[in-house]
Amino acid sequence: MLIILCTCTMTASSRYTHTHNLSTSTSNRFRFVLFVACMVVFFAVVFPISSHSFDVEVFPNFLIVSKPREQIRFQCYYKGQPSTLTKTYWTHNGVVIPCNETERIFGCSDTLVLSHFQFNDSGRYSCHVTDIGNTSVGWGEICVPTLLDESVVGTVYVSMNGNANATVTLRCPVLNGSYPKPQVVWRRGGDILSTEESITVRLVNKSQLGHIDCIAYNGYGGAKVKRFNLTDEKYRSSATTASKVAHIETSNTYRIVSTPATDTSDAKFTSHSCVAVVIFLTYYVIRFVT
């Protein structure tokens with residue numbers, strides 16, 4: 001379109017110089033000026049130059065949090081010259097954060113506020129700044145060391161009838177708040193069984209029973225280990241019975257201690273002796289008086 005416009009302009013200039021009988025040098029200068037003007041317009045449209053280029057940085061850009069906090073703030077800073085028409089919004093792991101001060105997490109303008117920070121709030125917080133024909137992004141991260149669900153029971157009972165095969169599926173109890181996502185390694189002794197979050201173990205015989213360790217680590221803090229003990233199902237009832245017997249014995253012991261038995265033989269001997277002494281003294285007193 002611009003080429004056509006420039007061609008028409010040059011043609012019109014030729015007719016103008018011919019109509020007004022301009023000299024050759026003047027005509028050439030006139031055409032040259034029109035040509036330069038056309039080129040300037042062409043490059044300005046095809047390769048626009050923005051005078052509002054800038055970069056965005058977030059402070060702090062990195063945090064390691066090992067326990068809940070009352071509040072965390074991120075601040076968005078500009079490096080350059082944005083215009084007055086900039087628009088700012090925040091995202092958490094790619095999800096837009098609403099600009100609502102009634103929310104626990106809100107980002108309005110250049111400041112992001114996290115109230116009552118929990119481990120699930122970990123991740124990447126990005127500040128997006130849009131300007132006329134330009135968008136810049138800065139980000140900060142909240143990292144949380146590896147967290148395991150300690151409530152998961154480590155003893156796993158396996159039904160092994162004779163030497164029949166059995167299949168057990170175990171899942172490493174890594175909590176979602178761990179960031180970045182931990183790497184998981186399953187080990188039995190010195191052997192690596194898998195690097196997936198869950199593992200399915202096939203037991204061919206009872207000799208394969210024992211412990212399997214899940215080791216999780218995300219680069220912050222120390223590695224966390226959860227041990228699963230694979231135990232024959234037949235020991236479940238005996239373990240329950242032993243627990244009950246121990247409880248009964250304990251309560252019997254406490255009952256005996258709290259209500260000790262009384263030896264009545266000493267009490268009987270003491271009362272008989274007193275009666276004999278009284279009779280003996282009475283006899284000698286009567287005899288002495290008479």
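The values are calculated or read from the model by the stated rules, or taken from the named source; none is laboratory data. Keep in mind it's a predicted model, so treat the numbers as computed, not measured. All Cβ positions, glycine included, derive from the backbone under ideal geometry; neighbour counts span all protein chains shown. The accessibility values were calculated without ligands, DNA or RNA, using every heavy atom of the protein model including side chains. Shrake-Rupley method; radii C 1.70, N 1.55, O 1.52, S 1.80 Å.
Miscellaneous remarks
- With the largest listed first and rounded to whole Å, the semi-axes of the equivalent ellipsoid of region 80-128 from the Cα gyration tensor are 22, 12, 8.
- Value in Å of the Kirkwood radius, where region 88-186 supplies the Cα pairs that are averaged: 17.1 Å
- For region 54-116, the share of accessible area belonging to carbon and sulfur comes to 50 percent (1.4 Å probe, ligands and nucleic acids excluded).
- Per residue, in Å², the accessible surface of region 73-211 once ligands and nucleic acids are set aside, probe 1.4 Å: 55 Å²
- Separation of alpha-carbon centers, region 55-126 and region 136-181, rounded to whole Å: 29 Å
- Charge tally around LEU63: other residues with Cβ under 10 Å, Lys/Arg +1 each, Asp/Glu -1 each, net 0.
- Averaged over residues, the count of other Cβ atoms within 10 Å places the peptides 179-186, 227-234 in the sequence 179-186, 227-234, highest first.
- Counted charge near ASP110, where neighbours are those whose Cβ lies closer than 15 Å (Asp, Glu -1; Lys, Arg +1): -1
- Measuring nothing but alpha carbons in region 152-206 and taking Rh as the Kirkwood radius, the Rg to Rh ratio lands at 1.04.
- In a DSSP loop and with at most 13 other Cβ atoms within 10 Å, the trypsin sites (Lys or Arg not before Pro) in region 61-156 are ARG104.
- Charge context of VAL201, other residues only, Cβ under 13 angstrom, K/R +1, D/E -1: +1
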